[in-house]
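Remarks on the structure that follows.
The values are calculated or read from the model by the stated rules, or taken from the named source; none is laboratory data. Computed from a predicted structure; not experimentally measured. Here Cβ is always computed from backbone atoms with ideal geometry, including for glycine, and neighbour counts include all displayed protein chains. Each accessible area value is taken on the protein alone, full model and side chains, heavy atoms only, with ligands, DNA and RNA left out. Shrake-Rupley method; radii C 1.70, N 1.55, O 1.52, S 1.80 Å.
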Amino acid sequence: MSFAHYHQGMARGGGVGQLLLCGLLCSSSLLPAGAGGRGQPPPTPCQAPLQWEGRTVAYDHSSGRNTRAAVSYDGPNQRLRVLEERKGLIPCKKFFEYIFLYKDAVMFQIEQVTKLCSKIALTEPWDPYDIPDNSTYEDQYYIGGPGDEIMVQEWSDRKPARKFESWVGVYTVKDCYPVQETYTKNYSVTTSTRFFDIQLGITDPSVFTPPSTCQQAQPRKMKDEYFWSW
């Protein structure tokens, strides 16, 4: 499943949820041969990479906002670093770095310009970017077209006793890289996250170390906009 806690704080909402969810889960008619068809054993979840760096775009379906970020993911140590990316000039917009240390149950939020720091307790358990063993296989298909395509599988947390799912994950078949994860709530899509430019390993482990300004961290989360007084 995806690292839900970051996206719950950054991007969750409704909107075109029903339409997107149907597009993700109602397209199983194009199942390639050998993908769990008649006489074939059902697919089993692949093992996603445990440590990687890459980029993500999280789309909030309620606000219509895309949050772009560079991500360092350390599964064995339950750590995640998210660095929001600046794409053009956005007036009054703050950009943050987030360091999630789940073994210490703490998250650091660092404002990129001033380096002001907030230290916030994490109350949710670690939720890795992977496909849980008890996931339900939904579909297998190609992304792209002839000569430039990649095969992916789609999984969800749907169970026979429940018609709708709260999580859908798309992962590559060859190396089990995350491609897209979608969360739903109350039958509407809340967050869609796309993954790209993934590289295995962590080039600089120090990105998980909070800066010195976090020694005097405030105990509340900072807002992402400046409010001016006239």
Whichever residue in the stretch 121-140 is in a strand (DSSP E or B) and touching a Pro at 6+ places or on another chain (Cβ under 7 Å) and, among such residues, is least open to solvent (accessible area, probe 1.4 Å): GLN140
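Considering each residue of the stretch 143-153, count those that are part of a strand (DSSP E or B) and without any contact (Cβ under 8 Å) to a residue 12 or more places away in the chain, and give that number.
Within the stretch 143-153, residues that are part of a strand (DSSP E or B) and without any contact (Cβ under 8 Å) to a residue 12 or more places away in the chain number 4.
Per-residue answers, yes or no, for (1) surrounded by fewer than 16 Cβ atoms within 10 Å (Cβ to Cβ); (2) among the hydroxyl-bearing types (Ser, Thr, Tyr):
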site: ILE143; (1), (2): yes, no
site: MET151; (1), (2): yes, no
site: PRO160; (1), (2): yes, no
site: ASP175; (1), (2): yes, no
site: TYR187; (1), (2): yes, yes
site: THR191; (1), (2): no, yes
site: GLN218; (1), (2): yes, no
Residues within the stretch 193-213 that are open to solvent by 50 Å² or more (accessible area, probe 1.4 Å) and in a loop (DSSP other than H, G, I, E, B), tallied: 3
